[in-house]
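See structure below.
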Amino acid sequence: MSVQVPASISAETVERIAEERDEPEWLLETRLAALSALDDLDLPDVIQTPGNRWTDLESLDFESLVDPLNQADTTERSEDTDAVVLPFTEALEEYGDLIEANFGSVLDPQENYLTALSVALFTTGTFVYVPEGVDAEDVTVRAEMNSRSLFSQTLVVTEESSSVTILEGIETGDAVEGERYFSNLVEVAAGENSHVQFGSLQNLDEETYTYALKRGDADTYATVNWIEGNLGSRLTRSDIETDLNGDGSESQIVGAFFGHEDQHFDINARVWHQAENTTADLVTRGVLDDEARSVYEGVQDVGEDAWNTSSYQRENTLMLSDDAEADASPKLIIHNHDTEASHSATVGQVDAEDLFYMESRSIDPITARNMLVEGFFVPVLEEIAVDEFREDLEALVAERLR
């Protein structure tokens, strides 16, 4: 469905953003091309059944949400690392050719209306570059959103036989009256035999609408692993995707969400097996309370030439309220006969027998319920190899339960 372009956005707006950041001509041209494409682009697809669209993106009022010339954030990036970790404005000066070669190579700026809007207007973001043979740990990007709208762009490039672990966090900083909009695009170009682990924890306030699209391109024997935690925002649309384009490449997508009040989560995990001997594992767990709503789609697409594929998917949602709603649509698309794959999704309430057993052991009902919720997240937490991320997620879950 096409969306009207906000009146606050024009070629002059985009040119001013690029000029203030002293950007090269190629990036300005990319921005302007994305801007001009907006009139013909649709919003991202959402799952729908007859008479029901599971997520309502059409109601977003971009005219009031988007304030392109007043974007503000406070972002701290790790400094003591073997990798190059720079804001885009600084990275373009020294690594302009490398950025130009990779920007938009994994994620098409004109994929949909929201990606084009973000590429045209982004003012913050991070460039991470890991040279050949370098093992970089503990790359952190901690951001606060301090404006009505904020558009962020991250590019990760890893060369042959390198590795990096990146932890990204976003929360609300200075209070801004009214509703807000945050967009987060991430591209990962993983070179041969490199290993990328990208963890993201979103805890924005519940006046914010959030759109995140993160995609990795895995070369031969490369690994791209994602960890995605969503607890904040009023409406969250999160797409985490990997193209397994190299023989022997691998990807794991681990997701966790916890919704309460009237929060809405549209969570999507997708992997495309394009080469031989590729492996993917998709694991998502979510909890819903009050009148919260979740929509999940998981896609494992196995191409004709993706011989000897191993692909697994499981999604589980725990309901703490009779008024919460959850829908799941796991999909397995197989185009050859040499594939081992499975997919599953479940939605259920807290087990009454478990609650009764704990209460019979003198544990009060609230504590018993909270212990069961924390235990429900354990299978996802066990998949998270990064201690700091796991501890942050556990703390946010505990805070939500309180």
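The values are calculated or read from the model by the stated rules, or taken from the named source; none is laboratory data. Source: prediction; values computed, not measured. Reconstructed Cβ throughout: ideal geometry from the backbone, glycine too, with neighbour counts over all protein chains shown. For accessibility, only protein heavy atoms count, side chains too; no ligands or nucleic acids. Shrake-Rupley method; radii C 1.70, N 1.55, O 1.52, S 1.80 Å.
So that you can scan it fast, the table gives a plain yes or no per residue for (1) at positive phi; (2) within 17 Å of the chain's Cα centre (by Cα); (3) modelled with pLDDT under 95:
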{"residue": "88", "(1), (2), (3)": "no, no, yes"}
{"residue": "102", "(1), (2), (3)": "no, no, no"}
{"residue": "107", "(1), (2), (3)": "no, yes, no"}
{"residue": "131", "(1), (2), (3)": "no, no, no"}
{"residue": "134", "(1), (2), (3)": "no, no, no"}
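Between 256, 280, the distinction of being small (Gly, Ala, Ser), modelled with pLDDT of 95 or more and in contact with a Lys or Arg (Cβ under 7 Å, 6 or more places away or on another chain) belongs to 256 only.
The single condition among (1) closer than 30 Å to residue 47 by Cα; (2) surrounded by 17 or more Cβ atoms within 10 Å (Cβ to Cβ); (3) small (Gly, Ala, Ser) that residue 344 does not meet is (2).
Scanning the range 173-194 for residues that are surrounded by fewer than 22 Cβ atoms within 10 Å (Cβ to Cβ) and under 14 Å from residue 71 (Cβ atoms) yields 173, 174, 176. Under the condition of being within 21 Å of residue 397 (Cβ to Cβ) and in contact with a Pro (Cβ under 7 Å, 6 or more places away or on another chain), the residues counted in the range 284-308 number 1.
Taking residues in the range 43-61 that are under 22 Å from residue 270 (Cβ atoms), and partners anywhere that are surrounded by 11 or more Cβ atoms within 10 Å (Cβ to Cβ) and among the hydroxyl-bearing types (Ser, Thr, Tyr), the pairs with Cβ atoms closer than 7 Å and at least 6 places apart or on different chains are 43/113; 46/55; 47/329. Of the residues making up the range 269-292, those that are of a type in the set (A, V, I, L, M) and in a loop (DSSP other than H, G, I, E, B) are 275, 292. If we keep just the residues of the range 296-314 that are under 21 Å from residue 55 (Cα atoms) and of a type outside the set (Phe, Trp, Tyr), which is least open to solvent (accessible area, probe 1.4 Å)? This residue is 298. Yes or no: residue 272 more than 27 Å from residue 382 (Cβ to Cβ) and open to solvent by 40 Å² or more (accessible area, probe 1.4 Å)? So residue 272 does not fit the description; no.
Restricting the range 31-43 to residues that are in a helix (DSSP H, G or I) and of a type outside the set (A, V, I, L, M) leaves a set whose member that is most open to solvent (accessible area, probe 1.4 Å) is 40. Among the numbered conditions (1) part of a helix (DSSP H, G or I); (2) more than 26 Å from residue 268 (Cα to Cα); (3) of a type in the set (A, V, I, L, M); (4) touching a residue at least 40 places away in the same chain (Cβ under 8 Å), the only one that residue 28 does not meet is (4).
Note on the range 315-333: among residues that are closer than 18 Å to residue 291 by Cβ and in contact with a strand residue (DSSP E or B) (Cβ under 6 Å, 6 or more places away or on another chain), the one that is most open to solvent (accessible area, probe 1.4 Å) is 325.
Return the only residue of 318, 288, 332 being among the hydrophobic types (A, V, I, L, M, F, W, C), within 21 Å of residue 56 (Cα to Cα) and free of Cβ contacts under 8 Å to residues at least 60 places away in the same chain.
Going through 318, 288, 332 in turn, the sole match is 288.
Just wondering, is there one or more residues in the range 5-24 that are touching a strand residue (DSSP E or B) at 6+ places or on another chain (Cβ under 7 Å) and modelled with pLDDT under 90? No; the residues of the range 5-24 include none that is touching a strand residue (DSSP E or B) at 6+ places or on another chain (Cβ under 7 Å) and modelled with pLDDT under 90.
Scanning the range 212-267 for residues that are charged (D, E, K, R), assigned to a loop (DSSP other than H, G, I, E, B) and either open to solvent by less than 10 Å² (accessible area, probe 1.4 Å) or within 20 Å of residue 321 (Cα to Cα) (or both) yields a count of 3. So, restricting to strands (runs of 3 or more DSSP E) that lie completely within the range 44-157, which ones have at least 1 residues that are of a type in the set (Phe, Trp, Tyr), within 27 Å of residue 19 (Cα to Cα) and open to solvent by less than 10 Å² (accessible area, probe 1.4 Å)? Fully inside the range 44-157 and qualifying: 124-130.
The residues in the range 353-402 that are of a type in the set (Gly, Ala, Ser), surrounded by 11 or more Cβ atoms within 10 Å (Cβ to Cβ) and either more than 19 Å from residue 285 (Cα to Cα) or more than 31 Å from the chain's Cα centre (by Cα) (or both) can be counted, and the count is 1. Within the range 77-88, being within 9 Å of residue 126 (Cα to Cα) and not hydrophobic (A, V, I, L, M, F, W, C) holds for 77, 87.
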